[in-house]
Amino acid sequence: MKTASQKSLDRWTKQKWRTPSGKKSGDTGEVYAPSRAIEKLKSTKKGAAKLAEANKKKRKATAKGEQYARHGLHKGKKR
């Protein structure tokens, strides 16, 4: 029997993670997120603005040489 954290990890790894454009993040500087989350964000004006802001923060952090960026797309999610 798997623990709750093991089940969560299974769900997380089964998700298709990608950038909004579908290209490599190293080439575009975009954030990685689950495909479903990206499509949901792209479907609304507010979501598209949030995604654009997250990409802006990711590019800024990458330019500074940082590996991770606090872009806020996953805010409120248990991690």
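The values are calculated or read from the model by the stated rules, or taken from the named source; none is laboratory data. Being a predicted model, the structure only gives us computed values, none of them experimental. Cβ placement follows ideal geometry from the backbone for every residue including glycine, while neighbour counts extend to all protein chains displayed. Just so you know, the surface numbers come from the protein's heavy atoms only, side chains and all, with ligands and any DNA or RNA stripped out. Shrake-Rupley method; radii C 1.70, N 1.55, O 1.52, S 1.80 Å.
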**Request:** Would you be able to say whether some residue in the stretch 36-53 is in contact with a His (Cβ under 8 Å, 6 or more places away or on another chain) and in a helix (DSSP H, G or I)?
**Result:** yes
**Request:** Considering each of 75, 23, 2, 56 in turn, give the residue that is open to solvent by 90 Å² or more (accessible area, probe 1.4 Å) and part of a helix (DSSP H, G or I).
**Result:** 56
**Message:** Please pick out the residue among 14, 45 that is at pLDDT below 95 and open to solvent by 100 Å² or more (accessible area, probe 1.4 Å).
**Reply:** 14
**Meets criteria (loosely packed, with under 13 Cβ neighbours inside 10 Å, over 13 Å from the mean Cα position of the chain (by Cα) and either acidic (Asp, Glu) or under 17 Å from residue 75 (Cβ atoms) (or both)) for residue 64** = no
**the stretch 25-47 residues that are under 24 Å from residue 10 (Cα atoms), paired with ones that are charged (D, E, K, R) and assigned to a loop (DSSP other than H, G, I, E, B) (beta carbon under 7 Å, 6 or more apart)** = 34/16; 35/16
**Prompt:** All but one of (1) at pLDDT 90 or above; (2) assigned to a loop (DSSP other than H, G, I, E, B); (3) open to solvent by 30 Å² or more (accessible area, probe 1.4 Å) hold for residue 31; which doesn't?
**Reply:** (3)
**Request:** Can you confirm whether the stretch 54-72 contains a residue that is in contact with a helix residue (DSSP H, G or I) (Cβ under 8 Å, 6 or more places away or on another chain) and touching a residue at least 40 places away in the same chain (Cβ under 8 Å)?
**Result:** yes
